[in-house]
Amino acid sequence: MKRLCLLCFTAFCLFSLGACQTERKAQTLMKPSTFGALADGREVHAYTLENSAGMSATFIDYGATITSLSVPDRDGVSRDVVLGYDSIDGYVNGSAYFGAVVGRYGNRIGKGRFLLDGKEYRLTINNGENHLHGGNIGFNKVLWDTAILEDSDTPAVRFQYVSRDGEEGYPGTVTLKVTYSLTDKNELRIDYEGVTDKITILNPTQHSYFNLSGNFNEKILDHRLMIEADSFTPVDSGLIPTGELLPVEGTPLDFRQSQPIGARIDDPFEQLALGKGYDHNWVLRNYTGPGQVFKAAELYEPDSGRLMTVYTDQPGLQFYSGNFLDGSAIGKNGIAYGLRSGLCLETQVFPDSPNKPDFPSATLKPGQVYRQTTICQFSTRD
Ligand code: GLA
């Protein structure tokens, strides 16, 4: 009898252990919490995804923003690798777009004007004489609706924003969904889906500032970057593309082989002077059309060994080396974010494409669905 009980007990333990392991493998935890409140009283919520490989990501519904991204280094020590704020006030008052989804049009539109079907539209001018990142109240400055998707093996958080006809000058009511998921392969996956009721333009992107060292007092100049691009779109003094594509060969914008970001950033090269560093759109060579995801870039931080590989289905990548950070933004843990303490890799249609017939188009018509998939995959290297 005793022996039978012992056998039953052992079997029960083994069964429970097995069940737990299956559950643990498939389960990614999610903990909604209150992040703060807006001036009008609406609450802002935070959602955390965790995987079984040591990564976690936190998002808020204000701006569909990534507020933290904890990634293991080569010794398995996880640290937050994205710039941001401790409280909602930082996001509401800040002007650097930390971690947010920017839109309706990520990046610049020259003079804030464009033609669609022969009609001219005028957008808010908020960057010199140009339009930048959706205007004064872009997608980064609004509260999105949230849905938690727990059905699949990889739970996700989905934010949705309805941008009304005429907002910041854009035609048509646009509904955009952005879905974040974190896989057990340490991939942060970002899926976008947008529709409109009138012809319009749509080009949202994710504006996280990465510093893979996890130490935001350090500049990103020792990070090594590789971009799968043979050419870039040169800009004028307002950072509007001239319309040409220039080969990267023989220029400090050549990242075909992995290079330390700081190696050539101060070279006497006109495009670097105009951008105050790197702030350009690279033409991704592996782009073949909508829905085809390919490798776009690799970012490596030698001290920690953290490596981020970016995959996307977009034609362009804006590499911005944090040239406008000047210590005035006080971020998480009271750290003042200094010049080049973070960098952005923004997957997109080229800047000012509505005024450049030869660039890939950002036009969206009723009945069409805008889609983008971008994946940031994390690993380590010795
Ligand atoms: C983008 C632009 C930069 C700058 C930042 C925000 O990356 O390309 O010029 O405006 O956003 O500061």
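Show me 130-142, 220-232 ranked by packing, highest mean number of other Cβ atoms within 10 Å first.
Averaged packing, sorted descending, gives the order 130-142, 220-232.
So what's Rg/Rh here for the range 42-107, counting alpha carbon atoms and using the Kirkwood radius for Rh?
Here Rg/Rh amounts to 1.02.
Name the shape class, rounded, prolate or oblate, that the alpha-carbon gyration tensor gives for the range 235-341, where a ≥ b ≥ c are the square roots of its eigenvalues, rounded holds for a/c under 1.5, and otherwise prolate holds if a/b is larger than b/c and oblate otherwise.
Judged from the Cα gyration tensor, the range 235-341 comes out oblate (a/c at least 1.5, b/c at or above a/b).
Using the structure shown, select from Lys111/Lys295; Lys295/Lys356; Lys276/Lys356 the pairs with a Cα to Cα distance greater than 28 angstrom.
Lys111/Lys295
With no solvent and one equal point scatterer per Cα, compute the Debye intensity ratio I(q)/I(0) for the chain at 0.07, 0.13, 0.14 Å⁻¹ and report its log10, rounded to two decimals.
Each listed q corresponds, in turn, to -0.32, -1.06, -1.23.
For the range 181-225, what is the Kirkwood hydrodynamic radius in Å, using each pair of distinct C-alpha atoms?
Evaluated on the range 181-225, it is 14.4 Å.
Arrange the peptides 85-93, 308-316 so that the one whose residues have, on average, the most other Cβ atoms within 10 Å appears first.
Averaged packing, sorted descending, gives the order 308-316, 85-93.
Pairs of alpha-carbon atoms within less than 8 angstrom and 6+ residues apart define the contacts here; what relative contact order does the range 33-380 have, in percent?
After rounding, I find 18 percent.
Distance between Cα centroids, the range 296-326 to the range 187-205: provide it in whole Å.
Going from one Cα centre to the other spans 21 Å.
If you take every residue apart from Ile220 with its C-beta less than 10 Å away from the C-beta of Ile220, what net charge results, scoring Lys and Arg +1 and Asp and Glu -1?
-1
Sort out for me the Cα centre separation of the range 364-382 from the range 206-221, rounded to whole Å.
Comparing the Cα centres of the range 364-382 and the range 206-221, I get a distance of 21 Å.
Computed over the Cα atoms, what is the radius of gyration of the range 57-202 divided by 2.2 N^0.38 Å, N being its residue count?
That ratio works out to 1.16.
Determine, at each q value in 0.19 (inverse angstroms), the log₁₀ of I(q)/I(0) that the Debye formula gives when each Cα of the range 149-278 is one equal point scatterer.
Summing over Cα pairs of the range 149-278 leads to -1.14.
No lab work stands behind these numbers, since they all come straight from the coordinates. None of these values were measured; they are calculated from a predicted model. Methodologically, a virtual Cβ is constructed for each residue, glycine included, from the backbone with ideal geometry; neighbour enumeration extends over all protein chains shown.
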